[in-house]
There are 2 protein chains.
Amino acid sequence: MSLPLPASYCIATYRCYDEKADFHKKATGIAVGLTVGSWTDLPEARKAEMEKHLGRVVSVDVHEPAAGESLGERYADIRIAYPDVNFSRDIPALLVTVFGKLSMDGRIKLTDLTFSPSFLDAFPGPRFGLQGVRDLLGVQDRPLLMSIFKSVIGHDLPALREQFYQQALGGVDLIKDDEILFENPLTPIERRVEVCMEAAEQAGRETGQKLLYAANLTGPTFGLVEQARRAIGAGANALLFNVLAYGFDALAELSRHPDVNVPIMAHPALAGAFYPSAYHGISANVLLGKLMRLAGADLVLFPSPYGSVVMPLEENMAIKDALLTTEASGYVTGGRAADQLSLRTSFPVPSAGIHPGLVPWILRDFGHDVVVNAGGGVHGHPMGAAAGGRAFRQAIDGCLSGIPLRTYAETHPELQAAIQAWGIKE
Amino acid sequence: MSLPLPASYCIATYRCYDEKADFHKKATGIAVGLTVGSWTDLPEARKAEMEKHLGRVVSVDVHEPAAGESLGERYADIRIAYPDVNFSRDIPALLVTVFGKLSMDGRIKLTDLTFSPSFLDAFPGPRFGLQGVRDLLGVQDRPLLMSIFKSVIGHDLPALREQFYQQALGGVDLIKDDEILFENPLTPIERRVEVCMEAAEQAGRETGQKLLYAANLTGPTFGLVEQARRAIGAGANALLFNVLAYGFDALAELSRHPDVNVPIMAHPALAGAFYPSAYHGISANVLLGKLMRLAGADLVLFPSPYGSVVMPLEENMAIKDALLTTEASGYVTGGRAADQLSLRTSFPVPSAGIHPGLVPWILRDFGHDVVVNAGGGVHGHPMGAAAGGRAFRQAIDGCLSGIPLRTYAETHPELQAAIQAWGIKE
């Protein structure tokens, strides 16, 4: 079943598991129940008025279990179109409409969301986006390199400054706060930003590089703009934000606020409460892909498929598509992420467990438009954090020159040491 | 393994599934990794300084699968104490600390959270709470009755007014907006509140009852206080809020804001993205119980164990405990919810699929401190919505008098009709 639709419906795709449900009936129940409430018992005259509010079943693809498979694996992919006229132009309204009550209705997962042009129109998207971040750094021709503060809780400003300086010396492009560093007496955000930006400048005189420092934006929701102003006033040239702890709308409002004029990096903290189950929650491509870009994240972190905290490669690629696609195609019939072409793209940042021996895989899977992001892979380098950064830059340079890492390492001692420590993924 | 702890740690409990993990090692990894980052390699002098920032393993209970069970069912309940000194006094900071990165680390679910006295101190909790809501309504001696607007999208003000009036006539104590009703040209919040409160007054002259109308608070996050002011200015005497779409902190800030001086009713929209999986997410007692009360919800809706959208009774009872407990006990060794005794209690509102024939079960499971909440059970009554409300009030009265519903129905035609339509749950 498929309907031609005008351009004013957002479409949700659900995967719905049930051993015996009539999935077509269920789909109709969703389309009616989450919009006009009831339909068949309406008088005809009223139907004409209400039709523009009625949800539509776009498609129902039932997957019967193959012989021998457990009955539990019977499922359907159901696509429902929701009229924009029913909800306001914000992400809470859309999510509550398409997956508010429905999220609690059995084994059902929200696997895709397609935004109508008129819904999208309300979202400026990332203020800087991938290209804007490249422009700020003056780096157009290679993947970027980011490092993450480690063990910062309980440390004072001089310790943070030194850690920042050592990371910066290694030639990283971005440094991010630990997402669990909140306002605290030892390293309050303004003082932290001041000493770190000072360290960035000092390192920059050695490396000749620019650097973005994403300071962790935390605290009460209604004070986030003021907190961002304080950080930016102190010199922060980027912000880290735990989006899922505050809701997508907080990000959307921050990213469009005139005073928050620096790139925002979205951290995936709490994302594992949503995406990993096959039967419940919200898929990673929606949660960490489409909605992050829609809400205006300039860079998006997510668990890489390589390291310690693992997400399957297929899901990583779906996030990448959602963040990077700019190809036009029909928004109803088009595939994943084909609807967001009007927005700036967001930098994908696959994270966790990354060491230089993984760089060829990251570039193979993500191309050049990626941020290589490391914590332990920088700080745990046998020759220190500065060497850790250099080893990554060497790994990137080697890959871009088409030289095997092992060969490139022969003339690059930092990379050599990293490979001795962590190996090369084959 | 168990440690005596000073009163400045919040404790998270995780259920962690793994076929072969060393759960004690994993617990230590969490306690160190999510606090100071590293421990064993610190110099002794530094350890003395850092000790107050170090997370502690409170307990590790390993459940080996019984013979014959699938290996996949090997799990451990791990309790970790996190020093308050590491995070700010807000729910995003606590959640990001205890379940930010960790949520993405395999099959792990956050099953309990215990707040330290010093963390709790920062939260005033519900402004009205259960007793405050009773006082506003002047109803002390029975469960309350709430009805929900149905099919409001696409309807105009006169239609809403009439629907409100019919509901109110039946003797309900509270009426809530549909959670998917957002700002719209047909029924903008101020006009909607005006006509509904007018209808409430009109009905009140017939019923002699007071009534709370929870208008749906929606729109941009940073505009929520202003939107609440508008609704309250127009006469709203309660607010409905889709907490999980905005984050717990938005509720916490609204509930303590001096201008938001009406009860707030928390809707569980999106909750099914978190709680139903055994292996991932956040348990219902934490999500819809402890955190809602901590953040200041005066009433909390959640899926009942009886109706169409079902949650197991055990989880319902855990939510009830979290919302209602006032008994003191040690916060470390005490059971569930024993930590929140200093906060006002929140009214539990088990919802979905409720009809009068379920009222004896609701009262059996929840006692008198419960809101009986119905949508279709009011509007779908064969004699109309006013009769629907009356049938519920009769069912409640019958139960409180200890008279079996069937007997009570003999002299109460509305209840009789409801029982004929939906039966009595045996």
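Observations
- On inspection, B:A81 does not qualify as under 29 Å from A:L217 (Cβ atoms), part of a helix (DSSP H, G or I), under 29 Å from the mean Cα position of the chain (by Cα) and aliphatic (A, V, I, L, M).
- Here A:G154 passes the criteria (1) more than 30 Å from A:E190 (Cα to Cα); (2) within 14 Å of chain B (Cβ to nearest Cβ); (3) surrounded by 22 or more Cβ atoms within 10 Å (Cβ to Cβ) except the one numbered (1).
- Among the residues of segment B:70-106, those that are modelled with pLDDT of 95 or more and surrounded by fewer than 19 Cβ atoms within 10 Å (Cβ to Cβ) comprise B:D77, B:V85, B:S88, B:R89.
- Odd one out for A:V133 among (1) in a helix (DSSP H, G or I); (2) out of contact with any Pro (no Cβ under 9 Å at 6 or more places or on another chain); (3) not small (G, A, S): (2)
- Residue match in segment A:282-297 (condition: over 20 Å from A:E183 (Cβ atoms), touching a Lys or Arg at 6+ places or on another chain (Cβ under 8 Å) and within 9 Å of chain B (Cβ to nearest Cβ)): yes
- Single residue of segment A:84-103 satisfying the filter (within 16 Å of A:R15 (Cβ to Cβ) and among the hydrophobic types (A, V, I, L, M, F, W, C)) that is farthest from the chain's Cα centre (by Cα): A:L102
- Counted residues, segment A:34-52 - those being surrounded by fewer than 20 Cβ atoms within 10 Å (Cβ to Cβ) and in contact (Cβ under 8 Å) with a residue 24 or more places away in the chain: 1
- Each residue in segment B:252-279 was checked for being of a type in the set (A, V, I, L, M), closer than 24 Å to A:G219 by Cα and either in contact with a strand residue (DSSP E or B) (Cβ under 6 Å, 6 or more places away or on another chain) or not assigned by TED's automatic domain parsing to the domain that holds B:K210 (or both), and 3 pass.
- Residue within segment B:218-227 that is more than 20 Å from B:F347 (Cβ to Cβ) and more than 9 Å from chain A (Cβ to nearest Cβ) present: yes
- Pairs linking a residue in segment B:123-151 that is at positive phi and within 14 Å of chain A (Cβ to nearest Cβ) to a residue that is crowded, with 21+ Cβ neighbours inside 10 Å and not in a helix (DSSP H, G or I), with Cβ atoms under 8 Å and 6 or more positions apart or on different chains, are B:S151/A:V36; B:S151/A:G37.
- Sole residue being more than 16 Å from A:A421 (Cβ to Cβ) and buried (at least 19 other Cβ atoms within 10 Å of the Cβ), chosen from A:V370, A:V378, A:V359: A:V370
- Among residues of segment B:84-117, those that are more than 7 Å from chain A (Cβ to nearest Cβ) and touching a residue at least 60 places away in the same chain (Cβ under 8 Å), counted: 18
- Scope segment B:45-65; condition in a helix (DSSP H, G or I) and facing chain A (nearest Cβ under 10 Å); matching residues: B:R46, B:E49, B:M50, B:E51, B:K52, B:H53
The values are calculated or read from the model by the stated rules, or taken from the named source; none is laboratory data. Everything numeric in this text was worked out from a predicted model, so none of it was measured. All Cβ positions, glycine included, derive from the backbone under ideal geometry; neighbour counts span all protein chains shown.
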